[in-house]
Amino acid sequence: MIIRIAKKSDIPSSEITPEDVYINRRKFLGASAGIGAAAFLGCGAAGAESDAEAADSQDLEPTSWDDITTYNNFYEFGLDKADPARNAHTLVTRPWTIRVDGLCAKPGDYQLEDFVKPSVMEDRVYRFRCVEAWSMVIPWRGFPLADAIARAEPDPSAKYVAFETLWDPDQMPERRWKPRIGWPYREGLRLDEAMHPLALMVTGLYGKTLPNQNGAPLRLIVPWKYGFKSIKSIVRMTFTEDEPPTTWATQTPGEYGFYSNVNPNVNHPRWSQANERVVDSSRLFKRRIETLFLNGYADEVAHLYEGMDLKKFF
Ligand SMILES: Nc1nc2c(c(=O)[nH]1)N[C@H]1C(S)=C(S)[C@@H](COP(=O)(O)O)O[C@H]1N2
Ligand SMILES: [Mo]
């Protein structure tokens, strides 16, 4: 297995450019990129793997606010990418309670305001890779999941942490898929993965409050895993001894595993994971880049999987 070295995976808050700077930079880059695309007309757009540009782990040019907030997967609000932005206004995010339970010393029902500690909020620009082979670069605002876990004081017997999304058919219009997907949406991590400082509990985007379609008021972001691990609108966090059942791995076990680490060497049974389409509606021509092992975060997280056969534990 080829392990590509990630040079820099996140930008400390001190280096974050405010949104207006992002936007100006983007306009400038967008214009020059347009000329480049026109010059290469005829070279073929999306498609063949060999056409994908080499990915640069340092290229963290953020995707636009509009793309991040209108091209979503949040099946409770519809199956089309545009549905969550259209429908998620019915989600009521205040008051919001998070139940912490299972194997821990401090279980309980926490109000959002008590669960989120404003003093430890950070801005992090992460690459985000969906299992459907598209990607974005997203400036999240949140706090380390490790903080929330430490406060719950998990028992030594706890080996995993499971999460659940709100399921309220009155607020969520996509009821037809309930039997197939088995909502509430569930996800989980091994506890050592969850404690890794790159794993974030997210409450914001571009320094603003997280829009409902992106998983308000509280979602998970695990940047080295496929996007579906990053569960939205979390109402429950449970510590367990055994690997918890997760939505997609339960639904289609041959296609989605519990680990779901981004891995260009392990294809989805129905498509390649070797490269990804960069979501950017401002570009006339689709751009594809190579997918990096562990989404470019191998330097930081590859040790978590030492000795594991990642083709078996996909
Ligand atoms: N509750 C819930 N969480 C979810 C999903 C979902 O359908 N429901 N979709 C997942 C998938 S497949 C992806 S790619 C990301 C999309 O996050 P975004 O819309 O903020 O880009 O959310 C993940 N979390
Ligand atoms: Mo996804």
Inset, instruction - All but one of (1) within 13 Å of ligand 2 (Cβ to nearest atom); (2) assigned to a strand (DSSP E or B) hold for Val202, so report the exception by its number. - result: (1)
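May I ask you to list the residues in region 65-79 that are open to solvent by 40 Å² or more (accessible area, probe 1.4 Å) and either farther than 13 Å from Leu205 by Cβ or near ligand 1 (Cβ under 9 Å from one of its atoms) (or both)?
Tyr71, Asn73, Tyr75, Leu79
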Legend entry - Single match in Trp271, Trp248 (criterion: within 12 Å of ligand 1 (Cβ to nearest atom), surrounded by fewer than 23 Cβ atoms within 10 Å (Cβ to Cβ) and either within 23 Å of Phe163 (Cα to Cα) or not acidic (Asp, Glu) (or both)): Trp248
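Can you tell me which residue within region 280-296, out of those that are in contact with a strand residue (DSSP E or B) (Cβ under 9 Å, 6 or more places away or on another chain) and part of a loop (DSSP other than H, G, I, E, B), is most open to solvent (accessible area, probe 1.4 Å)?
Lys286
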Legend entry - Condition met for Asn87 (among the polar types (S, T, N, Q), away from ligand 2 (no atom under 16 Å from the Cβ) and open to solvent by less than 60 Å² (accessible area, probe 1.4 Å)): yes
Inset, instruction - Give the number of residues within region 134-156 that are farther than 22 Å from Ile98 by Cβ and either away from ligand 1 (no atom under 11 Å from the Cβ) or basic (Lys, Arg) (or both). - result: 3
Inset, instruction - Specify which of the listed residues (Ala105, Ala82) is at pLDDT 95 or above and either over 20 Å from the mean Cα position of the chain (by Cα) or open to solvent by 60 Å² or more (accessible area, probe 1.4 Å) (or both). - result: Ala105
Legend entry - When residues of region 133-168 are limited to those that are open to solvent by 50 Å² or more (accessible area, probe 1.4 Å) and over 19 Å from the mean Cα position of the chain (by Cα), the one nearest to Asn265 (Cα to Cα): Lys159
Legend entry - Criterion: without any contact (Cβ under 8 Å) to a residue 24 or more places away in the chain and among the charged types (D, E, K, R) - qualifying residue of Arg283, Arg277, Arg270: Arg270
Legend entry - Subset of region 171-193 [loosely packed, with under 14 Cβ neighbours inside 10 Å and modelled with pLDDT of 95 or more]: Asp192
Legend entry - Index of the failed condition, Asn263 passing every other in (1) surrounded by fewer than 22 Cβ atoms within 10 Å (Cβ to Cβ); (2) more than 22 Å from Asp67 (Cα to Cα); (3) touching a helix residue (DSSP H, G or I) at 6+ places or on another chain (Cβ under 8 Å); (4) not acidic (Asp, Glu): (1)
Inset, instruction - Hey, can you tell me all the residues within region 96-114 that are closer than 16 Å to Glu153 by Cβ and of a type in the set (Phe, Trp, Tyr)? - result: Tyr110
Inset, instruction - Mind listing whichever residues of region 205-234 are assigned to a strand (DSSP E or B), more than 10 Å from ligand 1 (Cβ to nearest atom) and within 16 Å of Gly188 (Cβ to Cβ)? - result: Lys225
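Quick one: would you say Asp299 is at pLDDT 95 or above, of a type in the set (Asp, Glu) and either within 27 Å of Ala148 (Cα to Cα) or outside any loop (DSSP other than H, G, I, E, B) (or both)?
When the stated conditions are applied, Asp299 passes them.
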Inset, instruction - Filter region 174-196 down to residues that are within 13 Å of ligand 1 (Cβ to nearest atom) and more than 16 Å from the chain's Cα centre (by Cα) and give me whichever is nearest to Leu220 (Cα to Cα). - result: Pro184
Legend entry - Meets criteria (open to solvent by 20 Å² or more (accessible area, probe 1.4 Å), of a type in the set (Phe, Trp, Tyr) and on the phi < 0 side of the Ramachandran plot) for Tyr110: yes
Legend entry - All strands (runs of 3 or more DSSP E) inside region 69-184 with 1 or more residues being over 30 Å from Ser281 (Cα atoms) and free of Cβ contacts under 8 Å to residues at least 12 places away in the same chain: 108-111
Legend entry - Members of region 235-262 that are within 16 Å of ligand 2 (Cβ to nearest atom) and in a loop (DSSP other than H, G, I, E, B): Thr246, Thr252, Glu255, Tyr256, Gly257, Phe258, Tyr259, Ser260, Val262
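The values are calculated or read from the model by the stated rules, or taken from the named source; none is laboratory data. The structure presented is a predicted model; accordingly, all values stated were derived computationally and were not measured. Quick reminder, even Gly has a Cβ in these numbers, built from the backbone with ideal geometry, and neighbours come from all protein chains shown. Quick note on the areas: whole protein, heavy atoms, side chains included, nothing else; ligands and nucleic acids left out. Shrake-Rupley method; radii C 1.70, N 1.55, O 1.52, S 1.80 Å.
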